[in-house]
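Heads up: the structure comes next, in structure tokens.
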Amino acid sequence: MGIRWNSPLAQVIAVGFICFCCPGMFNALNSLGGGGQIDSKVGQNANVALYTCFAIFGLLAGAIHNKLGPKWTIFLGCATYVLYAGSLLCYNHTKNGAFTIAAGGLLGVGAGLLWTAQGAIMMAYPREHDKGKFIGYFWAIFNAGAVLGSVIAFAINNKVVVAQSLGDSTYIVFISLMAIGTLIALSLCPPTSVAHSNGDKIQIQAFPTWTGEVVAVMKLFLDWRMIVLIPMFLSSNWFYSYQFSTVNGAYFSTRTQSLNNIFYWFSQIGGSWSFARVLDYQGVNRKTRSLWGLIIITACFVTTWIGGIFFQKGYTISSPNGNHDYTEGASYVGPLFLYMFYGLNDAAWQTYCYWLMGALSNDVTVLSRYAGFYKCIQSSGAAIAWRINAVGTPFMTELIICFALLIASLPGALFLTMRIKDHSDEPTPEHDMKTAEGKHEIIA
């Protein structure tokens, strides 16, 4: 029997394909360093604008999503990805960096909308015992987009040995795929029509008032569960500037950057999928699974980043020793595997963040606020990190900051992990903020 379009699985898969086309292609571009431009400063500053706006609108996007619903929230968000890719194509001809930076800022607004809606759907639509699996499904489809984008970039630029900007044809392909993803968003169902196989509807609060919604969002800064996760959220995208610009962008040739990214994003698929299986294992209670998950990701990132320290000793910002190519053979394999493990760790880390938030509630309205809060903190960190990268910070200093933030995330994550319950049906602090017209209900 086929999958019903209004089933939770179909909707999560649809959002996966939307993100395959939009953020997936953006990741393929961004992981080339500077959005594929030889002058990486423009791309770096566009990322600062992007993540600054992302932080602000990520926090507000929960309220917007709860009012507009996922279809229009995601559609508006996706349209900004098309604009940003178009600005890079424009830069190839006009060198108008101001337009690219402005487009990056608008993309931050759109990304806040898209990722908040995506997070709410991915965490709230599945049943509790399937949350890890649904996160794995989404992450696999989404990152397959970045894999495809990297394959396209590699195929088009395979004969480009020295570092240079991407050609027009590469950007045009990315723009076309992003436009397809934007249109797919219009097919999404409203949450009130999404139903499980037995007819049960998903859990949702009625929209109260704009004031009530904003107050509920602001109260997250007083929710101890969110507070202890702030270091984990802050670190979860901080390392992208280091990995994409300092490692991939500074050390490898243009075509090798594209090849590296195929493996990087493919590693993310495997990392999320396998890790999600651990988090959904039903042989032990949820607290035990959450503890297992924290131990696994800690062991993985500590091992990987210690390896990164040894690799980083081989080149500096004053002596980059760059333009290394995959044709170098054995000397290329080690850095490639390090880069792949960076990707695997990223997927596992973010899967764990989403799973923890999903373990706190089943309500799509509450989880949209959690997702917005997560993206706000995450993007604040990314904005700072890209600025640190753009001002010419020594490479080893960048690495140490990334590593230190990951270590600093562990106490808060452990504190919450030890308090995870087997079921998240109990009322949350947000539910106590009901207004007369916004009482908690199960839509039937």
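The values are calculated or read from the model by the stated rules, or taken from the named source; none is laboratory data. Note that the structure is predicted; figures quoted are calculated from it, not measured. Using ideal geometry, Cβ is built from the backbone for each residue, glycine included, and neighbour counts are taken over all protein chains shown. Side chains are part of the model used for accessible areas, which takes the heavy atoms of the whole protein and leaves out ligands, DNA and RNA. Shrake-Rupley method; radii C 1.70, N 1.55, O 1.52, S 1.80 Å.
Here is how the numbers come out for the structure above:
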item	result
Normalised alpha carbon radius of gyration of the chain [divisor 2.2 N^0.38 Å]	0.94
Exposed-loop-free span, longest in the chain, where chymotrypsin sites (Phe, Trp or Tyr not before Pro) count as exposed if DSSP calls them loop and at most 16 other C-beta atoms lie within 10 Å	6-280
Convex hull (Cα only) mean projected area of segment 233-380, reported in nm² to one decimal	10.0
Set Lys67/Lys421; Lys287/Lys375; Lys131/Lys421; Lys201/Lys287 screened for pairs whose C-alpha atoms are more than 18 Å apart	Lys67/Lys421; Lys287/Lys375; Lys201/Lys287
Sequence-distant residues sharing a close amide H with Phe252 (under 5 Å, placed H)	Asn323, His324
Principal axis dimensions, segment 46-196 - Cα atoms, whole angstrom, descending	51, 30, 24
Square roots of five times the Cα gyration tensor eigenvalues for segment 175-272, Å	36, 24, 15
Principal semi-axes in Å for segment 63-104 [√(5λ), Cα gyration tensor, largest first]	29, 9, 4
Whole-angstrom gap from segment 379-407 to segment 215-240, using each part's C-alpha centre	18
Span-like helix ranges in the chain, DSSP H, alpha carbon extent 15 angstrom or more, Kyte mean at least 1.0	8-21, 97-124, 131-157, 168-184, 395-408
Estimated 222 nm signal from helices in the chain, with DSSP H stretches of n ≥ 4 weighted -39500 (n - 2.57), rounded to 500	-23000 deg cm²/dmol
All lysines inside 23 Å of Lys95 as judged from Cα atoms, apart from same-chain residues fewer than 8 positions distant	Lys41
Where the chain is the region considered: accessible area per residue in Å², 1.4 Å probe	36
Carbon and sulfur %, accessible surface of the chain computed with the full protein complex present, 1.4 Å	70
